[in-house]
Amino acid sequence: MAKIRGYKVIGTCSKGKEDVSKNLGCDELIVLDEVPGTSYEDYESQDIVAKVMEATDGKGCKAVIDGIGKSTVDISINSLAHRGIFISFGNASGAVPAFPVLRLIGKSAYVTRPKLLDYTTTREELVWRAGEIFGWLKEGKLNVSVDTTFPLDQAAEGHLYLEAGKSKGKVLYEI
């Protein structure tokens, strides 16, 4: 979606998901080793901040969208540009711990922890946002990669699949 809006996109993925990630449209893809015995990214296997700074000519990112949480908060904040915004929306590795707001002063940075319901507060807004996304899908501007589908009565197995980091796209439940 950021690419559709004209932004340069820098992403990370594990080596095991590189094949899928290359087709997602990132301008720069930082490929990380996997934590031994898992399919999770080892965020210490590469100097992500240095690679981000190299890709942005030393400026950093205007926005960092972080769905991982505890394991990546420092990387995300340190990758920000002057007046950049850190958008923390997920807790895949655990909740982001509280930190002093003065930590952001060096870059006059911003931080936010959005939730979906605040961006679809009315039926009209939901229809407008959904219409925009479905329009991008219809026009071929946005592609959704479906990894696998589970019958609804196997929802527990689907969650285990997700928690194990095995998915390489969306996991759907059949009703």
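Treating the beta-carbon of each Lys and Arg as +1 and of each Asp and Glu as -1, no other charges, what is the dipole magnitude of the stretch 109-175 about its Cα centre, to the nearest 20 debye?
Here the stretch 109-175 has a charge dipole of around 260 debye.
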Inset, instruction - Using label points projected 7 Å from each Cα along Cα→Cβ, tell me how many nm separate GLU28 and ALA156, to one decimal. - result: 4.5
Legend entry - For SER108, solvent-accessible area (1.4 Å; no DNA, RNA or ligand), Å²: 60
Inset, instruction - Return a whole-number percent for the relative contact order of the chain, with Cα pairs under 8 Å and 6 or more residues apart as the contact set. - result: 14
Inset, instruction - For the stretch 140-150, take each phi angle, set θ = phi - 60°, evaluate the Karplus expression 6.51 cos²θ - 1.76 cosθ + 1.60, and give the result in whole Hz per residue in order, putting x for glycine and proline. - result: x, 7, 10, 10, 10, 9, 9, 7, 7, 10, 10
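How much of the accessible area of the chain, in percent, comes from carbon and sulfur atoms when a 1.4 Å probe is used? Walk me through the intermediate numbers first.
Numbers: 6540 of 11710 Å².
About 56 percent, which is the carbon plus sulfur part of the accessible surface.
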Inset, instruction - Report the full-extension gain for the segment LYS107 to ILE4: residue separation times 0.36 nm, less the Cα-Cα distance, to one decimal in nm. - result: 34.4 nm
Legend entry - Cβ charges +1 (Lys, Arg) and -1 (Asp, Glu), total dipole of the chain, debye: 720
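In square angstrom, what is the accessible area per residue of the chain with a 1.4 angstrom probe?
Details: 11710 Å² over 175 residues.
Result: 67 Å² of accessible area for each residue.
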Inset, instruction - Can you tell me the relative contact order of the stretch 3-89? Whole percent, Cα pairs under 8 Å, sequence separation 6 or more. - result: 21
Inset, instruction - Please report the base-10 log of the normalised intensity I(q)/I(0) for the chain, using a Debye sum with one equal scatterer per alpha carbon and no solvent, at each q in 0.08, 0.10, 0.12, 0.16 (1/Å). - result: -0.29, -0.46, -0.68, -1.23
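The values are calculated or read from the model by the stated rules, or taken from the named source; none is laboratory data. Computed from a prediction, not measured in an experiment: that's the story for all the values here. As a convention, Cβ positions derive from the backbone with ideal geometry for all residues, glycine included, and neighbour counts pool all protein chains shown. Note: areas computed on protein heavy atoms with side chains; ligands, DNA, RNA excluded. Shrake-Rupley method; radii C 1.70, N 1.55, O 1.52, S 1.80 Å.
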